[in-house]
Amino acid sequence: MQKTLVRLTAALIASTMLVGAANAETIRWARASDALTLDPHSQNQGVTHTFAHHIYETLLDRDSDGNLQPRLATEWFVKDGDPTVWVFKLREGVKFHNGADFTAEDVVFSFNRARSDGSNLKQLHAEVADVTAIDDHTVEVQMIGPSPLYPNNITNTFVMDKDWSEEHKLQDVQDFAAGESNYAVLNTNGTGPYVLKSREVDVQSVLTAFEGHWADAPAVTEIVYLPITDAATRVAALLSGDVDLVQDVPVQDIERLRNSAGFKIETGPENRFIYFGYRFGEEPLKSSNITDSNPINNSLVREAMELALDRDAIKQIVMRGNSIPTGIPNPPFVNGWTAELDAYPAPDLEKAKALLAEAGYPDGFSITLDTPNNRYVNDEAISTALVGMLGQIGVKVTLASRPVAEHSPLVINNQSDFYLLGWGVPTFDSAYVFNDLVHTKTDKHGTYNGGLYSNPELDEKIIALGTETDLDARNASIAEIWEVVKADRVLLPIHNQVLSYAMRDGMTLPVHPEDQPRLTTVTFE
């Protein structure tokens, strides 16, 4: 805590100097964690994408209702006479921050980089066969078959400058999980509305408005981004006037801030679910006292764990009403969600104990639960609540809490027996959940399948979704997959997240459904 305050003080002193040098258009923006990296294809992670959207741009974007919008592409359509090719017409007159022209060759380079083996985004381009520049402002994407929903997959695929990237040997994507680095981790050259002026990881980053940007100049001309892990310190910084905007508002402070003169709260649902994942397979768990089997691999145990989970209590006590409990890892924003799937069982501790006994664990078992402590709303507190709930049925849980920068590699590298994670769905389609969290882990799918669940029959159905052109048949297949996922309890969903942004009076930043607010949308009274 002391270390945090010292670092924050230093950062705020610096930001105060910056404010003095600039004007009221500077926004000091605090949230719980920093971007994991600035290499735009290294991590498929919300905080990282949110920061990147200010520096880099994508061909398509989404508005606050989830509709696709033009960005670097002004038109997109299936090629006449060939349903396996998507055509993207690019915006003309766009410049990179170093003054270079944006052309189709930059898109080809970036898409190929994003779908390369080292990219954390490759599963979004799994149906891509080839990417070709037709002329300076036209790109064709050849798919392995008709892929009617492919444009939904590219709203977080950022475009890099090909020449700049090759100059700095950035053909390969940073291997974040292995602890590797490259020039793009700390240096940027995008076409976005802001230019990176300085960066000190986990302390402060400064962005300034890009005067050569193609869109109208934003009202916010300078951003001072301040990761402040400690929730109380984050709120105190807002109340004292040291920051202007807090994105990750602790739920216990929402009403206090709402009722404090000089501040306002913007609230809204997020297209993100929070869930527990666990290890499948016959191999014993590394963290359990059961050394001859994996208790979680037994479906009775997974059912018992769900019956011990009291989602409504988490909403009322841990989240203070600021969550939407769910029985399916799929938010209502997403194609494939139904009220029937969303239903969840009431807690039943006696039945849960009986199921554990029937599974061969009458005395329960021990296990370690890994949780982030600075990524999702009250993430560590949610995990702490589950420790108590599972303890009531004899499952003894040791909680291991870490910052998301340390937690995320555990999940990606399948090193956790039991973990909390959140998952947003930027494609607004169930296939995104299936591809990353349900499909067997391969070189193109199952990137965040931390528990190594595997069902070859489901895998075939998931792959088929990528090229199914009959949307009614596709939706029927999605429903079939969800029935199996829910029955197998592949994941243990808790709730859909509700977001609150706190800010000083006089400015407005609406809640973004993907928790990716753009400071270009800030307005001042």
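The values are calculated or read from the model by the stated rules, or taken from the named source; none is laboratory data. Given the structure is predicted, the values throughout are model-derived calculations rather than measurements. Methodologically, a virtual Cβ is constructed for each residue, glycine included, from the backbone with ideal geometry; neighbour enumeration extends over all protein chains shown. Areas reflect the complete protein model, heavy atoms only, side chains present, ligands, DNA and RNA absent. Shrake-Rupley method; radii C 1.70, N 1.55, O 1.52, S 1.80 Å.
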Run the accessible area of the stretch 19-120 with a 1.4 Å probe and give the carbon-and-sulfur part as a rounded percent. 45 percent
Sorted by chain and then number, the residues having a modelled amide H within less than 5 Å of the amide H of Leu90, at least 5 places away or on another chain, are Thr74, Thr138, Val139
For Leu499, the residues 5 or more places away or on another chain with a placed amide H closer than 5 Å to its own amide H are Gly268, Glu270
Near-label residues of the stretch 320-360 by backbone N, under 12 Å of a point 7 Å along Cα→Cβ of Ala476: none
Rounded Å value of the spacing that divides the Cα centres of the stretch 225-301 and the stretch 314-384: 14 Å
Using DSSP H assignments, which helices in the chain have an axial alpha-carbon span of 27 Å or above and a mean Kyte-Doolittle hydropathy of -1.0 or higher? 2-21
Between Thr84 and Asp292, what is the spin-label point distance in nm, taking each point 7 Å from the Cα along the Cα→C-beta axis? 5.4 nm
Probe 1.4 Å, heavy atoms of protein chains only: per residue, the accessible area of the chain in Å² is 38 Å²
Order 333-340, 302-309 from most to least packed using the mean count of other Cβ atoms within 10 Å. 302-309, 333-340
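So what is the relative contact order for the stretch 65-207, in percent, with contacts set as C-alpha pairs under 8 Å and at least six apart?
On the way: 212 pairs, mean separation 32.0, N = 143.
Across the stretch 65-207, relative contact order equals 22 percent.
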Taking the C-alpha atoms of the chain, how large are the radius of gyration and the largest Cα-Cα span, Dmax, in Å? 23.1, 69
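Once you list every other residue whose beta carbon is under 12 Å from the beta carbon of Asp342, what net charge do they have if Lys and Arg are +1 and Asp and Glu are -1?
Values: positive: Arg311, Lys486; negative: Glu340.
Spelling it out: positives minus negatives among the neighbours equals +1.
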Provide the per-residue ³J(HN,Hα) series for the stretch 127-144, in order, calculated from phi with Karplus coefficients 6.51, -1.76, 1.60 and θ = phi - 60°, each as a whole number of Hz, with x at glycine and proline positions. 8, 7, 9, 6, 10, 9, 8, 7, 8, 4, 10, 9, 10, 10, 10, 7, 9, 6
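Ranked highest first by average number of other Cβ atoms within 10 Å, how do 410-416, 247-253 line up? Don't skip to the answer; put the middle values down first.
Details: 410-416: 17.7, 247-253: 21.4.
Descending mean neighbour count gives 247-253, 410-416.
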Using alpha carbons only, how many angstrom separate the centre of the stretch 76-95 from the centre of the stretch 475-525? 29 Å
Apply the Karplus parameterisation 6.51 cos²θ - 1.76 cosθ + 1.60, with θ equal to phi minus 60°, to every residue of the stretch 512-525 and state each ³J(HN,Hα) to the nearest whole Hz, in sequence, with x for glycine and proline. 9, x, 9, 6, 10, x, 9, 6, 5, 9, 5, 10, 10, 7
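Evaluate the relative contact order of the chain (contact order divided by residue number), counting alpha-carbon pairs under 8 angstrom at least 6 apart; express in whole percent. Before the final figure, lay out the partial values.
On the way: 1098 pairs, mean separation 100.5, N = 525.
After rounding, I find 19 percent.
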Partner aspartates and glutamates whose C-alpha sits under 13 Å from that of Lys353, ignoring same-chain residues fewer than 8 away, are Glu303, Glu306, Asp363
Packing-wise, with mean Cβ within 10 Å as the measure, how do 38-49, 432-443, 464-475 rank, highest first? 38-49, 432-443, 464-475
Gyration tensor (Cα) of the stretch 257-331, equivalent ellipsoid semi-axes in angstrom: 37, 13, 12
For the stretch 47-155, which trypsin sites (Lys or Arg not before Pro) pass both filters: DSSP loop (anything but H, G, I, E, B) and at most 14 other C-beta atoms within 10 Å? Lys79
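Of the accessible area of the stretch 360-420, with the probe set at 1.4 angstrom, what percent is carbon plus sulfur?
On the way: 950 of 1980 Å².
Exposed carbon and sulfur together represent 48 percent of the surface.
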At a 1.4 Å probe radius, carbon and sulfur cover how many percent of the accessible area of the stretch 210-288? 48 percent
